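Undergrad: Structure provided below as structure tokens; questions to follow.
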Amino acid sequence: MSEELKHTQRFESSERPKKLYRAFTMHPNQLTNEKLRETLKPGTQAADDPTRIGDGNELGVYMSTNPTMVEQVYAHGGKLAGLSIPVARYKDRQGGMHMGIQLPSCGVVCEIDTTGLSIREPKMIQALEGHYNNGFQGHEWIADNIPPDHYKIRKLTLSDHPHDKRQIIIDVEHSTPEALDDAIERIQQEFKQREREARIFKEFMDSLSDHERFNSYIWEKKWQERK
């Protein structure tokens, strides 16, 4: 990778933030109280440079001063392994072709206490500076890792895309471990329901002919009659 990593130099002051925010998605079936207390570590390393993450920027656990950004960008809908059910190819109303039914992922929104935590401004490649903080207000910082005593969970979400009308958002910022267990159970129960619905839809689609699946008027009418 030839492009040089450079400090962002975007900060109006060098004042160290007391709180930072991070969000990520995971398979709802892997959600446990213990899993939410593990050390946060960097994502996938670049294949040709262990000092960088997959997009080429400096390796680290990325955080933001803007909690809205991390929630909107990273907590809603992640294309994770095991979260798509293969289905016979069909066409939607807009003419788009589909070969899978997307299941919802669990978004985890964290608040990080930086007291005693080693953080730094990230080095970024020039090509990605225009995407700094995903275009939101605020600044990015990174750490080599974040031990569990430096963060708490603020929210759990369940959705398959950012504008999912059936999304669930649970505020767990002040929850006890017991209340967090209840929130996890709610997320997982809803996920099982969505998974059951997806498998029923798959069986329906797999039963149709190519002609029926490629005509949204036909298959939608049949689907409504079945329901």
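Undergrad: Round to the nearest 0.05 the FRET efficiency obtained for Asp48 and Asp206 when R0 = 41 Å and r is the Cβ-Cβ distance.
TA: Efficiency, from the Cβ-Cβ distance: 0.50.
Undergrad: Ordering Glu185, Glu173 by how much accessible area each has at a 1.4 Å probe, largest first, what is the list?
TA: Ranked from most to least accessible, the order is Glu185, Glu173.
Undergrad: Suppose only helical runs count, i.e. DSSP H with n ≥ 4. What mean residue ellipticity at 222 nm does that imply for the chain under -39500 (n - 2.57) per run, divided by all residues and rounded to the nearest 500 deg cm²/dmol?
TA: -7500 deg cm²/dmol
Undergrad: Find out how many positive minus negative residues lie around Ala46, taking Lys and Arg as positive, Asp and Glu as negative, among other residues whose Cβ is under 11 Å from that of Ala46.
TA: -3
Undergrad: Rounded to a whole number, what % of the accessible area of the chain do carbon and sulfur atoms account for, probe 1.4 Å?
TA: Carbon and sulfur atoms account for 47 percent of the accessible area of the chain.
Undergrad: Also, quick follow-up: Under a 1.4 Å probe, what is the accessible area of the stretch 145-185 per residue, stated in Å²?
TA: 57
Undergrad: Leaving ligands, DNA and RNA out of it, work out the accessible area of Asp92 with a 1.4 Å probe and give it in Å² to the nearest 10.
TA: 40
Undergrad: Find how many whole Å separate the alpha carbon centroid of the stretch 179-227 from the alpha carbon centroid of the stretch 72-94.
TA: Going from one Cα centre to the other spans 12 Å.
Undergrad: A further question follows. Once the piece of chain linking Glu197 and Thr32 is laid out straight, how much longer is it, given 0.36 nm per residue of separation minus the C-alpha distance between them?
TA: Computed gain between Glu197 and Thr32 is 57.0 nm.
Undergrad: Please give the length that would be gained between Phe214 and Ala179 if that part of the chain were fully extended, namely 0.36 nm times their separation in residues minus their C-alpha to C-alpha distance (nm, one decimal).
TA: Using 0.36 nm per residue and subtracting the Cα-Cα distance, I get 8.0 nm.
Undergrad: According to a simple spin-label model (label point 7 Å from Cα along Cα-to-Cβ), what is the distance in nm between Met97 and Tyr132?
TA: If labels sit at Tyr132 and Met97, their model points lie 4.2 nm apart.
Undergrad: Of Ile101, Val172, Ser118, which is farthest towards the positive pole of the chain's charge dipole, taken about the Cα centre with +1 and -1 on the beta-carbons of Lys, Arg and Asp, Glu respectively?
TA: Farthest along the dipole direction, towards plus: Ile101.
Undergrad: For Lys18, Lys152, what's the largest-to-smallest order of accessible area, 1.4 Å probe?
TA: Lys18, Lys152
Undergrad: Right, next: Using a 7 Å offset from the Cα along the Cα-to-Cβ direction at both Glu225 and Lys79, what is the distance between the two label points in nm, to one decimal?
TA: 3.5
Undergrad: Going through the stretch 40-145, which trypsin sites (Lys or Arg not before Pro) have at most 15 other Cβ atoms within 10 Å and a DSSP loop state?
TA: Within the stretch 40-145, the qualifying trypsin sites (Lys or Arg not before Pro) (loop, at most 15 other Cβ atoms within 10 Å) are Lys79, Arg93.
The values are calculated or read from the model by the stated rules, or taken from the named source; none is laboratory data. Only a predicted model underlies this, so the values are computations on that prediction, with no experimental measurement involved. Cβ coordinates were reconstructed from backbone atoms using ideal geometry, including for glycine residues, and neighbour counts include every protein chain displayed. Please note that ligands, DNA and RNA were not included when accessible areas were found on the heavy atoms of the full protein model with its side chains. Shrake-Rupley method; radii C 1.70, N 1.55, O 1.52, S 1.80 Å.
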